[in-house]
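The values are calculated or read from the model by the stated rules, or taken from the named source; none is laboratory data. Everything quoted here is computed from the prediction, not taken from an experiment. Neighbour counts are summed over all protein chains in view; Cβ atoms, including those assigned to glycine, are modelled from backbone coordinates with ideal geometry. For the accessible areas, the whole protein counts, side chains as well, though only heavy atoms, and no ligand, DNA or RNA atoms are used. Shrake-Rupley method; radii C 1.70, N 1.55, O 1.52, S 1.80 Å.
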Amino acid sequence: MSRLKTADRPYDLVLFGATGFVGELTAEYLAAHAPDGLRWAIAGRSEEKLRRLRDRLTGADPAPKVGMLVADVSDPGSLRELAGHARVVATTVGPYVRYGDALVAACADAGTDYLDLTGEPEFVDLTYVRHDARARETGARLVHACGFDSVPHDLGVYFTVRQLPEGVPLSVDGFVTVSATFSGGTFASALGQFARGRALRAAAVERRRH
């Protein structure tokens with residue numbers, strides 16, 4: 001891999017979709033817990049909403065420490081500009097199979113690390129088919145399911161395996177119960193996947209070919 005130079009980019013992290021339900025939660029967490037010196041920005045399609053969110057995150061600070069970028073999934077040029085400003089782009093804009101591909105393409109081309117919280121297998125498979133080769137060329141790391149869809153299961157299995165003897169075959173079944181409701185984006189993603197059974201299977205077949 002010939003990783004493109006990203007050290008001189010304005011931001012270490014850009015959060016795309018920051019004014020949505022999950023985006024605001026993520027932005028609030030970053031504002032409270034981001035390490036000193038992290039250069040980060042919020043991004044989305046509405047400058048007015050972004051400004052209101054930034055004002056709320058920074059309070060009365062006359063020199064906001066949170067950057068702001070306007071970008072829209074319907075404008076590939078704005079996504080390319082966004083990717084070129086960041087070392088890492090995190091996105092909460094779903095359903096991803098409908099709105100996510102152009103941003104992945106922009107990050108793969110720019111050598112920008114990309115992460116999302118998708119739970120859509122079709123999107124994951126299509127990302128591999130369409131963008132894995134380019135990402136390998138530029139050194140971009142494309143990481144999916146960095147949210148609820150994977151964290152409890154991954155950490156639960158990791159914890160369990162560490163309690164068991166080493167060097168023996170293991171099979172793990174997981175069960176998760178929650179007391180919560182779906183966000184609008186998650187609900188739309190779930191409905192979309194249920195309605196796209198053929199497309200989902202086709203994407204899986206295409207990935208196996210690659």
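Tabulated data for the structure shown
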| read-out | value |
| --- | --- |
| Total residues in segment 32-49, condition open to solvent by less than 50 Å² (accessible area, probe 1.4 Å) and farther than 17 Å from A86 by Cα | 1 |
| Conditions (1) surrounded by 22 or more Cβ atoms within 10 Å (Cβ to Cβ); (2) within 23 Å of A7 (Cβ to Cβ); (3) more than 12 Å from the chain's Cα centre (by Cα): number failed by R134 | (1) |
| So G84, is it modelled with pLDDT of 95 or more, farther than 23 Å from E120 by Cβ and surrounded by 17 or more Cβ atoms within 10 Å (Cβ to Cβ) | yes |
| Filtered residues of segment 135-171 (kept if of a type outside the set (G, A, S), closer than 23 Å to L117 by Cα and either in a loop (DSSP other than H, G, I, E, B) or in contact (Cβ under 8 Å) with a residue 12 or more places away in the chain (or both)) | R136, T138, R141, L142, V143, H144, C146, F148, D149, P152, H153, V157 |
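Residues are listed down the side, and each one gets a yes or a no for (1) open to solvent by 40 Å² or more (accessible area, probe 1.4 Å); (2) within 19 Å of G17 (Cβ to Cβ); (3) modelled with pLDDT under 95; (4) of a type outside the set (S, T, Y):
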| position | (1), (2), (3), (4) |
| --- | --- |
| Y96 | no, yes, yes, no |
| D101 | yes, yes, no, yes |
| C107 | no, yes, no, yes |
| G119 | yes, yes, yes, yes |
| L142 | yes, yes, no, yes |
| V157 | yes, no, yes, yes |
| L164 | yes, no, yes, yes |
